[in-house]
Structures are given as structure tokens and as C-alpha cells.
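Worksheet: the structure to be examined is printed underneath.
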Amino acid sequence: MVERKTALVTGANRGIGKAIAKGLAAEGLDVIVGARKLVDARAAASEIGGRPLEIDVSREDSIEAALEKAGAIDVLVNNAGVLSTDPVLENPQAFNKAIEVMLKGPYALIRRVAPGMVERGYGRIVNLSSEWGSFGSGLNGPGPYGLVKAALNGLTVAAARDLPAAVKINSMCPGWVRTRMGGEGATKSPEEGADTAVWLATLPDDGPTGGFYQDRKPLVW
């Protein structure tokens with residue numbers, strides 16, 4: 001009997017995160033639905049058949065407490081994000097928040113779950129990035145968003161270099177998705193945006209690591 005893998009998805013109470021959690025549940029994984037508020041995590045988890053978990057990725061104490069409750073994690077999807085359109089030099093609060101949620105939070109989670117993945121000889125880590133964080137595409141994200149996503153991409157490359165091949169870590173861009181962040185005019189459904197993340201989260205042993213993908217195809221850094 002194949003052991004069921006456990007996945008933690010942050011920011012999974014709505015939008016792309018919820019679609020990723022739903023997709024992983026459909027793949028047979030034991031999905032932990034992470035959200036800042038437990039009531040939101042419970043609502044989404046009951047809908048997709050997952051387990052709720054209160055986790056605020058901008059706070060180390062919340063991360064520690066959440067992982068104590070979660071137990072062993074085989075798949076980590078760093079999805080939680082924030083968006084500010086203020087000019088990057090004019091709003092240091094937004095800059096600091098973006099770093100806390102989209103860089104320091106993922107870093108802390110990866111550091112804590114990766115040793116167990118290495119020990120068990122299996123791990124999949126997916127960082128939700130954006131083409132807005134691509135230097136090759138002009139780093140076009142507004143405010144601090146693009147530059148923090150670029151830093152997250154850098155973390156993906158550095159971590160892939162340090163981790164064994166059995167623990168695969170990749171970044172992905174969901175594209176323009178109809179969510180609260182993307183708006184109703186976006187071209188993709190949450191499920192379409194989630195597809196590449198679900199693929200990367202369930203890669204076979206010979207799958208890629210240290211890459212950046214959209215629609216299951218490589219993106220330029």
C-alpha cells in the first residue's frame with residue numbers, strides 16, 4: 001500500500017491557494033488548508049475535504065505553532081501573498097510586509113520542513129511566484145511585489161542547490177487569474193492558474209528541480 005503524502009498549502013482559503021488545495025486533494029493527498037484565520041481555514045477545508053490549520057506566515061511564532069500541529073509535511077506550497085501598488089520607495093510598511101509574507105515566511109517554512117523531507121527521502125516544494133518577478137520580462141510587478149517575487153525565485157535556486165534531488169523545489173507563475181488580487185477581468189480561472197502548482201507538487205522522481213514554470217513550461221528568470 002502506497003503511503004499517503006501530506007501537503008500544506010498556505011493562503012489556501014480562497015483563490016489560487018484553494019484551487020491548489022482542491023487539486024492536490026483530488027490527487028489523493030492529505031491536504032492541510034492553511035489560512036491566517038482558523039474560521040476561514042475550516043470553511044475551505046470542509047469544502048475540499050482537507051484539514052484546517054491556522055498559520056500566519058508573517059509571524060515566526062505562528063509558523064512554529066502551526067507546524068507542531070501539522071506534523072510531517074511531504075509537500076509544501078508557499079502560496080500566501082500580498083499586493084501593494086504603492087511605489088516601492090514610498091511605502092516601507094508595504095515593502096516590509098511583502099518581504100515577511102512572500103520571502104521570510106516561505107524561507108522559514110522551507111527551513112523547518114526540508115530536514116524531514118530529506119530524512120524520509122521525498123519532498124516537493126512549490127513557491128508561488130510571478131512573471132512580474134522575472135528580470136527577463138522586465139520585473140514589471142507593482143510596488144515591492146515584483147522584486148520580492150524575484151527574491152523568492154532566488155531562494156528557489158539557492159535551496160535547490162543545497163537540497164538533494166529527492167527533495168524538489170520549483171517556482172511557478174499562475175498567470176493572470178480571476179481572484180481578489182487578479183480581478184474579474186483576468187484570463188484564467190483559479191483552477192487553470194493552479195494546474196502548474198499541482199503538477200510541480202506531484203512530480204515523479206525524475207522531475208525537474210530549481211526551475212521556474214508557467215503552464216508547465218519553463219520561464220526565463
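The condition (being under 18 Å from residue 220 (Cβ atoms), under 19 Å from the mean Cα position of the chain (by Cα) and surrounded by fewer than 23 Cβ atoms within 10 Å (Cβ to Cβ)) is satisfied by just one residue among 160, 114: 160. Residues in the stretch 65-79 that are closer than 21 Å to residue 127 by Cα and without any contact (Cβ under 8 Å) to a residue 40 or more places away in the chain: 66 only.
Mind checking whether some residue in the stretch 90-112 is more than 17 Å from residue 161 (Cα to Cα) and not in a helix (DSSP H, G or I)? Yes, because at least one residue in the stretch 90-112 is more than 17 Å from residue 161 (Cα to Cα) and not in a helix (DSSP H, G or I).
Of all residues in the stretch 1-50, those that are farther than 20 Å from residue 106 by Cα, basic (Lys, Arg), modelled with pLDDT of 95 or more and surrounded by fewer than 19 Cβ atoms within 10 Å (Cβ to Cβ) total 1. Residue pairs whose Cβ atoms lie under 6 Å apart, separated by 6 or more positions or on different chains, with the first residue in the stretch 12-41 and touching a residue at least 12 places away in the same chain (Cβ under 8 Å) and the second among the polar types (S, T, N, Q) and surrounded by 22 or more Cβ atoms within 10 Å (Cβ to Cβ), are 17/79; 34/10; 35/13; 40/13; 41/13. Does the stretch 70-89 include one or more residues that are assigned to a helix (DSSP H, G or I) and surrounded by fewer than 21 Cβ atoms within 10 Å (Cβ to Cβ)? Yes. Looking across 61, 86, one residue alone is in contact with a Gly (Cβ under 7 Å, 6 or more places away or on another chain) and charged (D, E, K, R). It is 86.
The values are calculated or read from the model by the stated rules, or taken from the named source; none is laboratory data. Given the structure is predicted, the values throughout are model-derived calculations rather than measurements. Don't worry about glycine lacking a Cβ; one is built from the backbone with ideal geometry, like all the others, and counts go over all protein chains shown.
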